[in-house]
1. Based on the Cβ-Cβ distance of residue 275 and residue 338, what FRET efficiency does E = 1/(1 + (r/R0)^6) give at R0 = 25 Å, to the nearest 0.05?
2. Label points 7 Å out from Cα along the Cβ direction at residue 469 and residue 236: separation in nm?
3. Cut-off is 10 Å between beta-carbons; in what order do 30, 295 appear when sorted fewest neighbours first?
4. Based on the mean of other beta carbon atoms within 10 Å per residue, what is the order of 392-405, 449-462, 167-180, most packed first?
5. Given the pairs 238/405; 246/379; 27/246; 27/197, which are separated by over 30 angstrom at their Cα positions?
6. Which entries in the list 272/423; 429/450; 262/423; 256/393; 218/370 go over 29 Å, if you measure between the two C-alpha atoms of each?
7. Taking other Cβ within 10 Å of each residue's Cβ, how do 431, 331 sort, fewest first?
Amino acid sequence: MGVMHCTAAIENCLGERAGRPLRDHFKIIRKLAWKKNYAAQKPFEPKPRMKTKKKKPSPLLKLLLNEELHEPVQPQMFKAKKGSHHDTLLEIRDSLHSRKSDDEPVPPFTKPFRFKPMQNYTSNIENFMAEKYLDSMYLDKIFLKEIRTAPGSTCPNERGSKKIKHLAKSCFQTVSYKQELLRTRRPFYFIKYQEAKVSGALKARQELELEQQQQNTKRDADAILSKMLEAFDAKKLKTFLDLVEKLKRFCDVRSKKLLPNKDEYMHEIYDKVCKAFYEVYRVNDEHSTFEQNRRIYALLGLPLSRQPSKDSVVGQFKNVFIDYSKEIVELERRLENAVLPQEICWFYHELSRYHIEVKKLDLARVYARKCIQQAKINKIIYWIFNGTMLLAKCNLQQHNKNDAKNDLLSAIKCSETLKDSTKVDFINKCLEVVENVEFDDIFGTKELEKRENRIIQMMSSTKMKDEVAHLFHQMSAMPPSRRMTVIPGINIPKQGRRSKGSKVKKMSILPTRRESGESSGFEVKRVPSKKLVGSDDKKGVEFLNLVEFHV
């Protein structure tokens, strides 16, 4: 359907109705657009599906019409216009759409418009087309067309005159049919195209247009590249990666004809991406040791020892959502079509990084090793370093401290090969952090023991220390749901409800053996109400009972 519309548009522009229709018929197009806009603003009027029955005219209306017919005749311009019954019931809000859009005047065009349709000054287009298709026979066509209206064709011999006119008409129809037949085989725009191609004007115009398009494409690519280099120099990794993605999509869409130096832009992308990830692994010497260690923890994916407050205002602001599954699918598609070794290393690195984010560490380790292997084959030391750091990050996520140390030692060798002393110092600091890191200190038993020992050391006298130690010893024998936590901010999950199959002690009217500490079987016990059985007391009563029980 679209091809048919395009063919019709080309024939309209370059065929019989040759010209620039959008420019020449601007006033007509503007009028149609104004009417369409006016109709779109009209409020919706629901129409009934069932047709209403026509009401029979009343006899009184017939009498009134007959009386109007006997009125004296007067000129049309002096007659007073009578509004219809529908117009009398209109409100102010309906007055805008009370008339049809054809009756509304189109706003005048304020600026002068000097263009007119080509048909106004191309009256010879018919003869021109006839010459192209009929060659010298177009003169015969003109003769046959004019002979019917020529004064010499009329003579006293009326019968012979009619015969001549009939022959001229049939011959003109035959010649016109042959012209249309030739035009369908070779359209007029195709003839003009061949003429322009033979003369060389078309080729010159196409080369000029291509050169202009190449300049515009190069200007847009250079603008994105300059922003990307600014972000690289400012060491803003997130902005840099966004601009890299934008430039890569821009280059992928454009053909090599429009962007001849596409390979230069792609090589610049691969080089800067590799160095950008390499420059991430750094610390500021002006910062304190605590801040440096915190940055190393963040780069290696290690959790901080102190969890952020849950009721903090910062928690209300969510980060930018990234759909890693879609990104992984896109990178896998690009990796299948990748050819250059730098491109393959980049995609392996990105797949490993995204799989670390979604906690698929096995796949992340595989892609990191493939990145290192591909970089070793092509001797790209920067990608070897980046892949090794990702491999160390995967090992630390799985608490493999020794493997992470080995990866960091191999990263030191890469830094020494590149003669980068700052990276060597950074990796040494990372080794110190990995050596001192403890994976079981986040809400584990060791941290609870450390906390209890600190509380015992805070006691002033030896007697109080012994009592607190004895209290902690008693607490350790109790289940976690009944134990008071020594670390604030931790909610121990309560035990679930008992299953139906679990044994529940029931009262019976039969005499049973009374155990020590129990009342007799005939003693009446109060059953708590249903409202209080499942309710949680949040006013601190249970906490006081728990403290009373331990003390």
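1. Efficiency, from the Cβ-Cβ distance: 0.80.
2. Each label point is offset 7 Å from its Cα along the Cβ direction, giving 5.9 nm.
3. Taking fewest neighbouring Cβ atoms as first place, the list is 30, 295.
4. 392-405, 167-180, 449-462
5. 27/246; 27/197
6. Going by Cα-Cα distance, 262/423; 256/393; 218/370 fall outside the 29 Å limit.
7. Least crowded to most crowded, the residues run 431, 331.
Read-outs throughout are calculated quantities, based only on the coordinates presented, and are distinct from any laboratory measurement. None of the values given here were measured: they were computed from a predicted structure. With ideal geometry, Cβ positions are generated from the backbone for all residues, glycine too; neighbour counts draw on all protein chains shown.
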